[in-house]
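Below is one structure; the comments refer to it alone.
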Amino acid sequence: AAPRVLNVNVGVLGHIDSGKTALARALSTTGSTAAFDRAPQSRARGITLDLGFSCLRTALPPQMGPGPGELQFTLVDCPGHASLIRTIIGGAQIIDLMMLVIDVTKGMQTQSAECLVIGQIACQKMVVVLNKIDLLPEGKRQSAIEKMTKKMQKTLENTKFCGCPIVAVAAKPGGPEAPESETPLGVSELIEVLKSQAYLPSRDPSGNFLMAVDHCFSIKGQGTVMTGTILSGSVSLGDNVEIPALKVTKKVKSMQMFHTPVTYAMQGDRVGICVTQFDPKLLERGLICTPESLHTIHAAIISLKKIQYFRGALQTKAKFHITVGHETVMGRVMFFSPAPADFNEEIKEDVFDFEKDYLYQEEYLSKDSNSSEENKENDQAGEVQLPRQQWALLEFEKPVTCPKLCLVIGSKLDTDIHANTCRLAFHGVLLQGMEDKNYAETFLPKLKVYKLKHKEGQVERVMDDYSVIGRSLFKKETNIHIFVGLKVKLSTGEDGVIDGGFGQSGKFKIRIPDGLKPDTKTLLTIASKKKSKAGKGETTKEDESSKNDSVQPVTISLMFKRYVFDMQKKMIQS
C-alpha cells in the first residue's frame, strides 16, 4: 500500500507585495494544478488573483503519530489585494494553519490586519514570517529582525495567536528580477517550524459531502475534472454529486489526489473529481455537494459578534457585503438581542429559539454604542448592559446557496482600499435560512422581535372620583378604539384603563378602578382653576407670586410592546 499521506492546509496570507507567492514557490516541491499566479491578468500585474495551491511533502513528524508516512502541506496562497478579500474569506474555511507574511521593511499593513482578523475567525494556529530580510543591510540585519519580532509579538498579544512562532526569511533574495540560482534564506528553518506546528486536524467524514471547487477543466477522452478542497463529509467512486448553482447532478467517474488515483476522499483533502458530459465553462469555481444538502435562501437569522478593529457602529437597516459559504452578496441587517431580563442567560450555540421574545435594537450593542432608552432605564450607572449573545436578520439582495450551518462574515468592501482601516465588520453563524421567496409573509411573523413603545399625555381634568379626561397622548386622527382597555399609569401613582374617546379632538376618558387619591384631586382641581382664571384674564398680584404656578401637570404614561413582524400591529402589555 502507498504510505499514508496526511494533508494539512496552510493559508499563506499577507499584504500585497509581501512576497507570499515567492515564499510558496520556495517552499513547495510539487505544483498542484492551481499553482502560482496562473491567471494571465495576474501574471501581468504580478499579483495572485485566485487561491493558488501548491504543496510540499516531508517526513511525518513524531507528534503526528507513529509509522512511516508523509506530511503534505498544501499551501493555499491567498491573494493580498484588498478588493480580493472575498477570495481570502473563501479560502479561510479550509485552513488549518496560517502563515502571515510580513514585509520586514514595512511591518503590519492594512491587509495584514484584515488577514489577522480572518485568521482569528477561521483558524487555530499561526506562524508569522518576516520576509525580504535580504533588503536589510547585513550589519544591522539581526537587530532590525529582533526589533520587528518584538513589534509583532506586541501586536499579537491580545489575539488568540499570542506567542506564536515568528521566523525571518528571504524567499527570493534580490527580488523578482534576480536569477533563480539565488538560494532562499531561512526557508529550511521555516519548514522545521511548520512541521513543529502541524497537528492532526480533526477531520470528520460523516455528514453531507461539500467541496469548494477552484478549477474546472476537461481532459480529452476522460471527461471534466473539478479540483478543490473537501469542506465536509466524504466522497467515493460512483457517488452522485450535485452542482447546486446549476441544479445538475453527476456521477463520480474517477478521482485523483496529487496525481494518484484514489477511490475515497474526506474532509480536508484536496482532490480532483472526474465527471462526464459536463461543460467546464459552466463552473469556474463554486460548490458541489451531496444532492439536495444545500439550501438556497433569501434571508437568514444569524448569531454574530462585532470585529473589534472595525471602526463605527453596526446600524440596523445598513447594507453590508455578506459572505455566506462561498458567495458574497449585498444584504441588509436588523439587529436584535435577548429581552433585557435574559441578557445574562446562557444561550445554545447552534440553534435559534423561536419561542422566546427578542428586543429590537437600532444598532449592535457594544461597549461604545449609544445605549437605547430601554436599556438605560434598567441601569443607572451609565454602564451599557451587554447581552451575552446578539443576532441579526439578514435580507439578501439576491438568493445565496450555502450549507445549513455556516460561517458568515459581514464587511464594508466599498470602503476606500487605501484607507488604513479594517473593512471586516462582523462574523457569525447562520442559524436559520429562509428558502421561501415570500418569507416576509410566511416566515417572519414567527420571529418574535419587539419594540418597546412609550407614549406620554396629560390629565386635562377630573370627571369624578373614578375617572379623568386625558389629552396629548394621541393625534386627532388616531383611532382611539384600538387603545381601549390598555393600562396607563398617572404620575401621581394611580393605575388607570383607557375607556374610550372623548369629543373629537383626540381627548379620551380614563377609568381609575381604585379611585383617585385625595391629593391628586386637590392637585387637579387647583390646576384646572388656574386654567379657567387664566382664561378669563384675571391674574392678580398674589397669583403671580404664589407657588401654585409651578403646579406640575399630572402626566399619563402608556407603555406597550409591539412585535416588528406582526401584521396586525397588536399592542401587548405584560
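The values are calculated or read from the model by the stated rules, or taken from the named source; none is laboratory data. Everything quoted here is computed from the prediction, not taken from an experiment. Cβ sites come from the backbone with ideal geometry, for glycine too, and all protein chains shown count toward neighbours. With ligands, DNA and RNA removed, areas are computed over all heavy atoms of the protein, side chains included. Shrake-Rupley method; radii C 1.70, N 1.55, O 1.52, S 1.80 Å.
Condition check ((1) at negative phi; (2) touching a helix residue (DSSP H, G or I) at 6+ places or on another chain (Cβ under 9 Å); (3) assigned to a loop (DSSP other than H, G, I, E, B)) across all residues:
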{"site": "A212", "(1), (2), (3)": "yes, yes, no"}
{"site": "G221", "(1), (2), (3)": "no, no, yes"}
{"site": "V225", "(1), (2), (3)": "yes, yes, no"}
{"site": "T249", "(1), (2), (3)": "yes, no, no"}
{"site": "A265", "(1), (2), (3)": "yes, no, no"}
{"site": "C274", "(1), (2), (3)": "yes, no, no"}
{"site": "F278", "(1), (2), (3)": "yes, no, yes"}
{"site": "K281", "(1), (2), (3)": "yes, no, no"}
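Please indicate, with yes or no, whether at least one residue in region 427-437 is among the charged types (D, E, K, R), out of contact with any strand residue (DSSP E or B) (no Cβ under 6 Å at 6 or more places or on another chain), modelled with pLDDT under 90 and on the phi < 0 side of the Ramachandran plot. Checking region 427-437: not a single residue is among the charged types (D, E, K, R), out of contact with any strand residue (DSSP E or B) (no Cβ under 6 Å at 6 or more places or on another chain), modelled with pLDDT under 90 and on the phi < 0 side of the Ramachandran plot.
Is at least one residue of region 211-221 surrounded by fewer than 18 Cβ atoms within 10 Å (Cβ to Cβ) and within 26 Å of L116 (Cβ to Cβ)?
Filtering region 211-221 for residues surrounded by fewer than 18 Cβ atoms within 10 Å (Cβ to Cβ) gives 217-221.
Those left that are additionally within 26 Å of L116 (Cβ to Cβ): none.
Within region 211-221, none of the residues are surrounded by fewer than 18 Cβ atoms within 10 Å (Cβ to Cβ) and within 26 Å of L116 (Cβ to Cβ).
Listed conditions (1) farther than 28 Å from G119 by Cβ; (2) part of a strand (DSSP E or B) are all met by K317, apart from (2). Working only within region 86-121, note down all residues that are crowded, with 23+ Cβ neighbours inside 10 Å, over 21 Å from K305 (Cβ atoms), modelled with pLDDT of 75 or more and out of contact with any helix residue (DSSP H, G or I) (no Cβ under 7 Å at 6 or more places or on another chain). Hits for region 86-121 are D96, M99. Scanning region 289-314 for residues that are buried (at least 17 other Cβ atoms within 10 Å of the Cβ), in a strand (DSSP E or B) and β-branched (V, I, T) returns I297, I301, I302. One residue alone among L314, L246 is within 30 Å of F396 (Cα to Cα) and under 23 Å from the mean Cα position of the chain (by Cα), and that residue is L314.
Please state which one of T159, T149 is in a loop (DSSP other than H, G, I, E, B) and open to solvent by less than 70 Å² (accessible area, probe 1.4 Å).
Working: T149 fails: in a loop (DSSP other than H, G, I, E, B).
Among T159, T149, only T159 is in a loop (DSSP other than H, G, I, E, B) and open to solvent by less than 70 Å² (accessible area, probe 1.4 Å).
Kindly establish whether S83 is surrounded by fewer than 24 Cβ atoms within 10 Å (Cβ to Cβ), of a type in the set (G, A, S), at pLDDT 90 or above and at negative phi. When the stated conditions are applied, S83 does not pass them. Where residues in region 349-375 are closer than 18 Å to K561 by Cα and open to solvent by 100 Å² or more (accessible area, probe 1.4 Å), which of them is modelled with the lowest pLDDT? Going through the qualifying residues, I end up with E373.
G268 - would you say it is at pLDDT below 90, within 18 Å of N9 (Cβ to Cβ) and small (G, A, S)?
Values: at pLDDT below 90: yes; within 18 Å of N9 (Cβ to Cβ): yes; small (G, A, S): yes.
When the stated conditions are applied, G268 passes them.
One residue stands out in region 468-496 among those that are under 17 Å from K570 (Cα atoms) and part of a strand (DSSP E or B): the one that is least open to solvent (accessible area, probe 1.4 Å), namely V488.
Within region 197-208, is even one residue among the basic types (K, R) and under 30 Å from E292 (Cβ atoms)? Give the steps one after another, and end with the answer.
Taking region 197-208 and keeping what is among the basic types (K, R), we get 203.
Narrowing the set further to residues that are under 30 Å from E292 (Cβ atoms) leaves 203.
The answer is yes, given that some residue of region 197-208 is among the basic types (K, R) and under 30 Å from E292 (Cβ atoms).
Select from region 249-261 the residues that are closer than 15 Å to T74 by Cβ and in contact with a strand residue (DSSP E or B) (Cβ under 6 Å, 6 or more places away or on another chain) and write down the one among them that is surrounded by the most Cβ atoms within 10 Å (Cβ to Cβ). Filtering first and then ranking leaves M257.
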